[in-house]
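The values are calculated or read from the model by the stated rules, or taken from the named source; none is laboratory data. What you see is a predicted model; the values in this text were computed from it and never measured. Don't worry about glycine lacking a Cβ; one is built from the backbone with ideal geometry, like all the others, and counts go over all protein chains shown. Quick note on the areas: whole protein, heavy atoms, side chains included, nothing else; ligands and nucleic acids left out. Shrake-Rupley method; radii C 1.70, N 1.55, O 1.52, S 1.80 Å.
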Amino acid sequence: MEIRGGVPFPVEFKHGRLRSSVHDELQLCGQALCLEEMFGVPVRRGAIYHIQSRHRREVVLDEPLRRRVVEVIEAIRRTARSGELPRAVNDARCRHCSLQAICLPEATDGHIPENWSDWPPARHAVWEEKGSIGMDSGEPSADVQAAESRG
C-alpha cells in the first residue's frame, strides 16, 4: 500500500507477467473497501504490479466493480453458512497457487482414486507429516504414541 495525498492506494503484486484479470481486480477492490473502512476515506484507484513483466497498471475502482465485490462476498458468506464444501475447479490456475497445499483441489474436485490412500496428495498430507499415521504400518507414529502416553 502507498499513501497518495493522505489517501491509501492499494498495490497488489502478482508473480506473472502483465495480463488483465477480473479476479485480480476484484481482490484489489476488496482491499480498497477494507482500507476505506479502516481509514474513513474513499479509495478510488489502486494498482496491480506484475513482477515478471515489471509492469504496473492502475485500476479504477468504479461502482460496477465494487458491486461485484459485494456480490462475491455475499456468495462466499452463503457458502460458508451452508456448511457445504464446493468442488474445486482444479484447472491450470491451481498449479502455481500458493494455497494448493491447503485447498487440495484434487480432494474436492471429485477425482479421488477409489482407494484414497493411493492418492499422492493424501500420502503427503496425512502420512508424511510429523506425528501422523505411519505410511507402511497404518499405526500411529512413535511421535504420536509418545504424545498419547503423556496425555
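Relative contact order of the range 14-84: 34 percent, from C-alpha pairs under 8 Å at least 6 residues apart in sequence. On a per residue basis, the convex hull of the C-alpha atoms belonging to the range 1-48 measures out at 70 Å³. The modelled label-to-label distance for the pair Arg67/Ala80, using points 7 Å beyond Cα in the direction of Cβ, is 2.4 nm.
So, with a 1.4 angstrom probe, what is the percent of accessible area on the range 1-87 that is carbon and sulfur? The computed percentage sits at 54. Report the far tail of the P(r) of the range 1-83, meaning the percent of Cα-Cα pairs longer than 18 Å. Here the long-distance tail beyond 18 Å is 46 percent of all Cα pairs in the range 1-83.
Listed values for the range 5-20 are Karplus-derived 3J(HN,Hα) couplings in whole Hz (6.51 cos²θ - 1.76 cosθ + 1.60, θ = phi - 60°), namely x, x, 10, x, 10, x, 10, 9, 9, 10, 5, x, 8, 4, 7, 8, and x replaces Gly and Pro. Taking 0.36 nm per residue of separation and subtracting the current Cα-Cα distance, fully stretching the chain between Glu58 and Ile102 would add 12.7 nm.
Karplus-derived 3J(HN,Hα) values for the range 63-76, using 6.51 cos²θ - 1.76 cosθ + 1.60 with θ = phi - 60°, are 4, x, 5, 5, 4, 5, 4, 4, 4, 5, 4, 5, 5, 5 Hz; glycine and proline are entered as x. Can you list which of the trypsin sites (Lys or Arg not before Pro) found in the range 1-68 are DSSP loop residues with at most 16 other C-beta atoms within 10 Å? Here the trypsin sites (Lys or Arg not before Pro) that fit, given the DSSP loop and packing criteria, are Arg17, Arg19, Arg44, Arg54. In this structure the amide hydrogen of Val59, modeled in the peptide plane, comes within under 5 Å of the amide hydrogens of Gly46, Ala47, Ile48, none closer than 5 places in sequence on its chain.
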